[in-house]
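The structure appears right after this line, and notes come after that.
The values are calculated or read from the model by the stated rules, or taken from the named source; none is laboratory data. Just so it is clear, the structure is predicted and the values come from calculations on it, not from any experiment. For neighbour counting, all protein chains shown are included, and Cβ atoms are generated from backbone atoms with ideal geometry for every residue, glycine included.
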Amino acid sequence: MAKRGKSGGRNGLRPVAGVVEVPKGTRPDGPVEGVYYIDTGDCQLVADQDNSNGWLLKINGVMSSHIDLADPLFLDFEYMRWMAALIESRWPPKGAAGGSAAGGSKGSGGSPAQEHKLRGLHLGGGACSLARYFHAAYPDARQVVVELDGKLAEYVRGWFDLPKAPLLRLRVGEAREVTETLTPDTRDFIIRDVFAGSLTPRPLTTAEFTDHIRRVLAPGGIYVVNSGDAPDLKNAREDAATIAAAFEHTVIIADPAMLKGRRYGNMVMAGSDTPLDGDPQLARRLLGGAVPAHIWNDAQVRAFAANSPVRHDPAVN
């Protein structure tokens, strides 16, 4: 699990160096501060002044990811720690105690420590922070990261020395198009962390897309999303309504201020065909972070979403 923590917001970063030119056909050999042109605009790589091994990645001006080169189990962004905690609650890593990468033998519903090779799909790549984390927590896991920007994927491979295929594959493509091609029942967890500006592109939030997600998930699998929103929580409520319409069991994880609509921020939502909130250790772990979070059970999620519409693809004329 994350061993130290801060909120996703960062202050006091050094000014970023100028544009870094990478010769065509080559890959950077380790991280170098600067601005890099990518297929969808530009990204900035910034050294973390608070952590000599840390790097932050901004994409088109928006903070995207944090990597600790020395410690893949360190997740700087709170919402990523919440996602990791939820997945580890379902499949405790081998040799763990307390249902985390730092220890635990029982997960949700008393599941034994993870024995089969977990299969994960990440929709949205960034710096592959969570993929690195899960590789460290579950060394036998097989993961695919879908990233729209091919140049960014190439840079990230060169900067951060990611695990090689088949342990971790970077697949360049549009998240929905890739998901629609996947074989049924082939993923234990799917994480949606795709943004265009402050919101997830609508085609990745509809009931029709969520049906594809459900088809690809194996029995007992978990669909986990990062839902960003403003204080009115309109987007979050519609996300919750759409996920609740597709799955029998849901949860929401967020800090109290976000749940009460007091700020802009992130909620982690999840759906599954089996219960997600049966592990008391998960609730304790979420409360123990730098930004304590609450977990809402299925009834609370459905009450939160009760008056909001389920999103659908546009009608085809």
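Listed values, structure above:
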quantity	calculated
Selection from segment 255-269 of residues that are within 13 Å of Gln300 (Cα to Cα) and either small (Gly, Ala, Ser) or crowded, with 21+ Cβ neighbours inside 10 Å (or both)	Met269
Any hit, segment 285-304, residues being free of Cβ contacts under 8 Å to residues at least 24 places away in the same chain, surrounded by 15 or more Cβ atoms within 10 Å (Cβ to Cβ) and of a type outside the set (Phe, Trp, Tyr)	no
Count - residues of segment 161-185 that are in a loop (DSSP other than H, G, I, E, B), farther than 19 Å from Cys128 by Cβ and out of contact with any helix residue (DSSP H, G or I) (no Cβ under 6 Å at 6 or more places or on another chain)	2
Selection status of Val251, under 16 Å from the mean Cα position of the chain (by Cα) and within 17 Å of Trp91 (Cβ to Cβ)	yes
Qualifying strands (runs of 3 or more DSSP E) (wholly inside segment 203-307; at least 2 residues being among the hydroxyl-bearing types (Ser, Thr, Tyr) and under 20 Å from Gly120 (Cβ atoms))	217-229
Test: residue in segment 138-151 that is assigned to a helix (DSSP H, G or I) and modelled with pLDDT of 90 or more	yes
Selection count, segment 256-284, where residues are in contact with a Ser or Thr (Cβ under 9 Å, 6 or more places away or on another chain) and at pLDDT below 95	6
Tally, over segment 18-33, of residues that are touching a strand residue (DSSP E or B) at 6+ places or on another chain (Cβ under 6 Å) and either touching a residue at least 40 places away in the same chain (Cβ under 8 Å) or under 19 Å from Ser52 (Cβ atoms) (or both)	2
Failed item, numbered, when Thr274 is tested on (1) surrounded by fewer than 20 Cβ atoms within 10 Å (Cβ to Cβ); (2) within 30 Å of Lys58 (Cβ to Cβ); (3) touching a helix residue (DSSP H, G or I) at 6+ places or on another chain (Cβ under 9 Å)	(2)
Check on Val156, in a helix (DSSP H, G or I), aliphatic (A, V, I, L, M) and either under 20 Å from Asn60 (Cβ atoms) or at pLDDT below 95 (or both)	yes
